[in-house]
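Working notes for the structure below.
Nothing in this text is a laboratory measurement; each read-out follows from the coordinates by a stated rule. Not measured: the values here are computed from a predicted model. When we count neighbours, we look across all protein chains shown, and the Cβ atoms used for this are built from the backbone with ideal geometry, even at glycine.
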Amino acid sequence: EFETLEEYRNDIKANLEEANELRVKKEYEEAVINAAVANAKIDIPEVMVNREIDGMLKDLETRLQYQGLDIQTYYQFTNTSEEGFRQQMKEVATNKVKTEVVMDKIAEVENITATEEEVKAKAKEMAEMYYGASEADKTAELL
């Protein structure tokens with residue numbers, strides 16, 4: 001692929017620089033979002049937090065099934081229970097819901113929308129990341 005060692009070094013350097021730029025950009029975006037969420041004065045209804053925890057629990061159960069485990073085994077290994085899990089996840093779930101609410105409000109106020117093509121492209125990107133290219137193509141066809 002490379003004619004010389006110098007070309008190979010330059011390619012590695014370019015890839016590292018690109019990865020670093022993406023990391024810095026992501027950290028900046030996260031800092032801006034975290035600041036907006038921290039400054040937001042909103043009360044999140046308990047039902048929304050519980051719904052988020054329910055989703056987190058379902059995600060965990062699905063991941064465990066892929067590993068040949070069940071939720072009860074997880075609780076035994078972690079020396080917890082469903083109630084303990086729900087308590088542990090409450091702060092994370094509250095922050096996720098608050099972030100969603102703040103981001104939705106920002107999108108509304110700033111009139112930020114996504115085109116159908118952008119939604120399809122993002123769905124395909126996420127499907128590729130989680131399921132591979134062949135499944136991503138099937139997902140894109142469904143949209």
On a full-extension model of 0.36 nm per residue, what is the gain between Arg63 and Glu82, subtracting their alpha-carbon distance, rounded to one decimal in nm?
5.2 nm
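Work through the residues other than Lys96 whose Cβ is under 13 Å from its Cβ and net out their charges, Lys, Arg +1 and Asp, Glu -1.
-3
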Excluding residues on the same chain fewer than 8 positions from Lys96, give the lysines whose Cα lies under 27 Å from its Cα.
Lys25, Lys26, Lys41, Lys58, Lys105, Lys120, Lys122, Lys124
Determine the sum of side-chain charges near Gln65: Lys and Arg each +1, Asp and Glu each -1, restricted to other residues whose C-beta is under 15 angstrom from that of Gln65.
-1
Once phi for every residue in the stretch 76-87 is put through the Karplus expression 6.51 cos²θ - 1.76 cosθ + 1.60 (θ = phi - 60°), the whole-Hz ³J(HN,Hα) values, with Gly and Pro written as x, are 5, 5, 9, 6, 9, 9, 4, 4, x, 4, 4, 5
For P(r) over Cα pairs in 5 Å bins from 0, in percent, pick the label among (i) 2, 10, 19, 23, 20, 14, 8, 4, 1, 0; (ii) 2, 8, 9, 11, 14, 17, 16, 11, 6, 4, 2, 1, 0; (iii) 2, 10, 22, 25, 22, 14, 5, 0 that corresponds to the value derived from the coordinates.
(ii)
Given 20 °C and 1.002 mPa s, compute D for the stretch 44-112 with the Stokes-Einstein relation, Rh being the Kirkwood radius over Cα pairs; round to the nearest whole µm²/s.
160
Cleavage-rule hits, GluC sites (Glu not before Pro), the stretch 1-88, DSSP coil, Cβ neighbours within 10 Å at most 14
Glu1, Glu3
Assigning unit charges at the beta carbon (Lys, Arg +1; Asp, Glu -1) and nothing else, what dipole magnitude in debye, to the nearest 20, does the chain show about its Cα centre?
660
Given the DSSP H assignment, sum -39500 (n - 2.57) over each helix run of at least 4 residues in the chain and divide by its residue total; what's the result at 222 nm in deg cm²/dmol, nearest 500?
-28500 deg cm²/dmol
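Assuming R0 = 35 Å, what is the FRET efficiency of Asn95 and Lys120, from their Cβ-Cβ distance, to the nearest 0.05?
For Asn95 and Lys120, the calculated efficiency is 0.75.
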